1. Show me, for the range 170-178, the HN-Hα J-couplings you get by feeding each phi into the Karplus relation (A = 6.51, B = -1.76, C = 1.60, θ = phi - 60°), rounded to Hz, glycine and proline as x.
2. Can you work out the Karplus-derived ³J(HN,Hα) for every residue in the range 104-115? Use 6.51 cos²θ - 1.76 cosθ + 1.60 with θ = phi - 60°, whole Hz, and x for glycine or proline.
3. Counting each pair of different Cα atoms once, what's the Kirkwood radius of the range 237-302 in Å, rounded to one decimal?
4. Per 0.36 nm of contour for each residue apart, how much would the distance between K105 and R19 grow if the chain were fully extended, relative to their Cα-Cα spacing?
5. Considering amide H positions built from the backbone, and no H for Pro or chain starts, which residues 5 or more places from H135, or on another chain, come under 5 Å of its amide H?
6. For the range 1-121, rounded, prolate or oblate, judged on the Cα gyration tensor with a ≥ b ≥ c (square roots of eigenvalues), a/c < 1.5 rounded, else prolate if a/b > b/c?
7. With runs of 4+ DSSP H residues as the only contributors, calculate the mean residue ellipticity of the chain at 222 nm using -39,500 (n - 2.57) per run, divided by the residue total and rounded to the nearest 500.
8. Can you put R165, R256, R250 in order, fewest other beta carbons within 10 Å first?
Amino acid sequence: MASFTTRIKDEVTKLETNRLESIAEVCAYLKDNSEFRDNEIIMFIENASVARRMFSLIKRIYGISIKLTIRTQKKFVNKTMYILELKEKVDIITSDVENMFKNIKDYSEEEKMSYLKGIFLSCGSINDPSKSKYHLELLVKSKDIADTVIDLLKEFNFNAKLITRNKGYMVYIKSSEEISDFIKMLNAIDALFYYEDIRIYRDHKNMVNRLNNCEQANVEKMMKTCNEQIENINYLEKNDMLDLLDDKTRVIAEYRIKYPETTMLELADIISMETEFTISKSGINHGFRKIKDLVNKSKENE
């Protein structure tokens, strides 16, 4: 069964767009997911619908011949790769890609949305809401592309965040409402109906628990806890005691200083994504208990 991301991309690739929107979509895809060489541009695409879309749009926009090669890998899992080779009008295409990237803020709202659509087709994924937490990510290959994507998302009132990954830079959104709005912006209506049905069901199921929570009290409690954790870490650093912690606990201390206002769950997600350690919220809590115990023992000896 196709993943939720694949279903969205299959739906998006069937949408009709005008010439300017198509150029924006293609330029975004090429900027993030192609190799520019002296006399050619090479695209490696795993999704058949996306490969068909790029082949059709590029041919329609630039009127060039495109060499298509299909490779199937059967090691471990069956995997098909579609390779598009562009050898005509390379200078024109390269110029369009770079000019649009540098000046995308000056383009129309429709072209900006198409640019984000191209980025999503290139490197985007959205978790199936029925199987896991709400999560949208765009794993782009460079920091300048990530910054541009975040700026564009902000223009459409999306609160996107950035994390450095081994294979690039991950722009991500965790708000269920904003993810819904993003799917709507892609104009993937069938996927939007599916997502909203699941979201309404989950929201209703959790309503009683949410009503029993006092958000302000939780925030104040969290900030107090964070401040105590930071004070303990600063104490250990001041007294040259950080080396007494094990490797994982030192990483927890380092990331608490780096992200002073995150919850322990958010801190666990960040550490799990950015380091070699996979850690849960309870693991974070256990690490801070170790830090507190070490501080208390030191103060008792004093």
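Values quoted throughout were computed directly from the atomic coordinates according to the rules given, and no laboratory measurement underlies them. Just so we're clear, the structure is a prediction, and the values are computed from it rather than from any experiment. Cβ sites come from the backbone with ideal geometry, for glycine too, and all protein chains shown count toward neighbours.
1. 9, 8, 9, 10, 10, 5, 4, 5, 5
2. 4, 5, 8, 8, 6, 4, 5, 5, 5, 5, 5, 5
3. Numbers: mean 1/r = 0.0813 Å⁻¹.
Taking every pair of different Cα atoms in the range 237-302, averaging 1/r and inverting gives 12.3 Å.
4. Working: separation 86, 0.36 × 86 = 30.96 nm, distance 1.85 nm.
Contour length minus the Cα-Cα distance gives 29.1 nm.
5. Sorted by chain and number, the residues that satisfy this are N127.
6. Numbers: a/c = 1.97, a/b = 1.26, b/c = 1.57.
Here the range 1-121 falls in the oblate category.
7. -20000 deg cm²/dmol
8. Values: R165 13, R256 22, R250 17.
Sorted ascending by nearby Cβ count, the order is R165, R250, R256.
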